[in-house]
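The values are calculated or read from the model by the stated rules, or taken from the named source; none is laboratory data. The structure presented is a predicted model; accordingly, all values stated were derived computationally and were not measured. Methodologically, a virtual Cβ is constructed for each residue, glycine included, from the backbone with ideal geometry; neighbour enumeration extends over all protein chains shown. In case anyone asks, the SASA skips ligands and DNA or RNA and just uses the protein heavy atoms, side chains included. Shrake-Rupley method; radii C 1.70, N 1.55, O 1.52, S 1.80 Å.
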Amino acid sequence: MSEGIAMQELTVPLKDRSYPIRIGTDLLSHCGRWTAQITSSRILVISNPTVFKLYGAMVEKSLQEAGLEVHRALIPDGEEYKNMEETLQVVDRALQLHLDRNSVVVALGGGVVGDLAGFAAAIYQRGISFVQIPTTLLAQVDSSVGGKVGVNHPRGKNMIGAFHQPRLVIADLNTLDTLEERDYVSGLGEVVKYGVAWDKDLFNYLEEHTGQIMQRDKACLQHIVYECCRIKSEIVGQDEQEKGLRAVLNLGHTFGHSLEKLGGYRDHRHGEAVAMGMVIAAYLAEELGLIQPQETLRIRCLLQRLDLPVQSPEYDPEAVYSGMLGDKKASHDQLRFVLPTGIGSFTMVDNPDKDLVLKAIKRAI
Ligand code: NAD
Ligand code: GLY
């Protein structure tokens, strides 16, 4: 804890681009003071109407009290607006406001806002600084950290983007109180991913605290957000641009992205798709003799206890398969899977036999 407030701090270790992640309660009112340490120029707060209505006034007040000139750009709420058109509108607003290279974008919202705002910051005048204020569990444990920013293209998710690290991440756990249940639970999909792929202790903790987690107990959330950010910082510090190790964070995503696409990016939340994708990945690992069935069962049981889906809708298995070939994680139509080999360990498998992949998909339908 530091600064006399209930807060923990981590650093994403990227040499001269290292940045802090601050995690705690009642942190929004400090965002002005912390942002003023980055710039004395203008601020563009990017958010959506849902989040802005809840937290916009508090954030803008804090920024203004720190002596900063504050402007705002709101994008409509929804994954379908994470696109180039909305990004260009934000860029247009920044140009109208004559934002310069010292100006700072403040992303206030979930993963959609954070990804788009970060991307706008990455391309505006070849890149300006940005601060992430993630307000969903998914964004606090995953998307606000690590600098993957971007938007969707009609042909695929996150197909347009960049690596652009934020200067600061502020994860205020109080914002999680207002999340719709389904959005909260979706974030837990990414939380479980860290436990399955990387950290047995985290997985055990999740199993032992399901009740408190579902009640959004603050001490529990502090532990979870801190641990997930610690793991992600460690991985990103070693492999910022996903040349190798960082791919572990995609456990469940290759299948998951295909399910999201088949659901028209409306039917499944990202974390739900990751949960179903993790179960399919575990089934595939079983087919390949890489994991014991009782470990798969543990993964499945934890996801179910956290109200996450473990069975996907009745999509055509061939469609799920071909959906993966168009994914950014596939290169030259070669499929690479991150598969669990137990709780807290993983391996990468290239081009497994298609029949085994289809068998794994069918088991989850
Ligand atoms: P989201 O941003 O759509 O937020 C979910 C819903 O919650 C929205 O309706 C939003 O308005 C609302 N909301 C946000 N904060 C709220 C709050 N505090 N109270 C009440 N409502 C609130 O979805 P998400 O799950 O946060 O993020 C999903 C996105 O993140 C996807 O586009 C995914 O591709 C991306 N993502 C990116 C990375 C990365 O590394 N960049 C990693 C994982 C996921
Ligand atoms: N969410 C995967 C990554 O950031 O690499």
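Taking region 268-303, which residues are within 20 Å of residue 141 (Cβ to Cβ) and not aliphatic (A, V, I, L, M)? So that I can check it myself, show each step before the final result.
Going through region 268-303, the residues within 20 Å of residue 141 (Cβ to Cβ) turn out to be 268-279, 281, 299, 302-303.
Those that are within 20 Å of residue 141 (Cβ to Cβ) and not aliphatic (A, V, I, L, M): 268, 269, 270, 271, 272, 277.
Scan region 126-140 for residues that are more than 9 Å from ligand 1 (Cβ to nearest atom) and aliphatic (A, V, I, L, M) and the total you get is 3.
Here residue 118 clears all of (1) on the phi > 0 side of the Ramachandran plot; (2) within 13 Å of ligand 1 (Cβ to nearest atom) except the condition numbered (1).
Pairs meeting the criteria (first residue in region 299-322 and farther than 14 Å from residue 271 by Cβ, second residue of a type in the set (Asp, Glu) and outside any helix (DSSP H, G or I), beta carbons under 8 Å, at least 6 apart or on different chains) are 313/267.
Does residue 286 count as open to solvent by 20 Å² or more (accessible area, probe 1.4 Å) and more than 15 Å from ligand 1 (Cβ to nearest atom)?
Yes, satisfied.
Listed by first and then second residue, the pairs linking a residue in region 265-281 that is on the phi > 0 side of the Ramachandran plot and open to solvent by 10 Å² or more (accessible area, probe 1.4 Å) to a residue that is in a loop (DSSP other than H, G, I, E, B) and away from ligand 2 (no atom under 13 Å from the Cβ), with Cβ atoms under 7 Å apart and 6 or more places separating them unless they lie on different chains, form an empty list. Just one of the listed residues (241, 222, 212) is open to solvent by 20 Å² or more (accessible area, probe 1.4 Å) and within 16 Å of ligand 2 (Cβ to nearest atom), namely 241. Put simply, of 9, 65 the only residue that is touching a helix residue (DSSP H, G or I) at 6+ places or on another chain (Cβ under 7 Å), more than 16 Å from ligand 1 (Cβ to nearest atom), of a type in the set (Asp, Glu) and free of Cβ contacts under 8 Å to residues at least 40 places away in the same chain is 65.
One residue is enough: does region 195-204 have a residue meeting the conditions more than 11 Å from ligand 2 (Cβ to nearest atom), closer than 26 Å to residue 158 by Cα and polar (S, T, N, Q)? No: zero hits.
Please determine whether any residue of region 321-330 is assigned to a helix (DSSP H, G or I) and either modelled with pLDDT of 95 or more or open to solvent by 70 Å² or more (accessible area, probe 1.4 Å) (or both). Within region 321-330 (the criterion being assigned to a helix (DSSP H, G or I) and either modelled with pLDDT of 95 or more or open to solvent by 70 Å² or more (accessible area, probe 1.4 Å) (or both)), the answer is yes, since at least one residue qualifies.
Results for (1) over 13 Å from residue 107 (Cβ atoms); (2) within 16 Å of ligand 2 (Cβ to nearest atom); (3) open to solvent by 10 Å² or more (accessible area, probe 1.4 Å), shown as yes or no for each residue.
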residue	(1), (2), (3)
120	no, no, no
134	no, yes, no
140	no, yes, no
145	no, yes, no
162	yes, yes, yes
168	no, no, no
176	yes, no, no
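The condition of being in contact with an Asp or Glu (Cβ under 9 Å, 6 or more places away or on another chain) and surrounded by fewer than 18 Cβ atoms within 10 Å (Cβ to Cβ) holds for only one of 234, 181, 190, that being 181.
If I ask for residues that are assigned to a helix (DSSP H, G or I) and crowded, with 17+ Cβ neighbours inside 10 Å, which ones from region 351-365 would you list? 357, 360, 361, 363 - these are the residues of region 351-365 that are assigned to a helix (DSSP H, G or I) and crowded, with 17+ Cβ neighbours inside 10 Å.
If the condition is being over 20 Å from the mean Cα position of the chain (by Cα) and either of a type in the set (Phe, Trp, Tyr) or modelled with pLDDT under 95 (or both), then region 1-38 contributes 1, 2, 3, 4, 5, 6, 34.
Remark: pairs (first residue in region 233-258, more than 18 Å from residue 192 (Cβ to Cβ); second residue surrounded by fewer than 21 Cβ atoms within 10 Å (Cβ to Cβ) and polar (S, T, N, Q); Cβ separation under 9 Å; 6+ apart in sequence or on different chains) = 233/11; 237/11; 237/18; 244/238; 245/238; 246/238; 258/322.
Does any residue of region 290-301 turn out to be among the acidic types (Asp, Glu), more than 12 Å from ligand 2 (Cβ to nearest atom) and closer than 14 Å to residue 196 by Cα? Checked against the condition, which is being among the acidic types (Asp, Glu), more than 12 Å from ligand 2 (Cβ to nearest atom) and closer than 14 Å to residue 196 by Cα, region 290-301 yields at least one hit.
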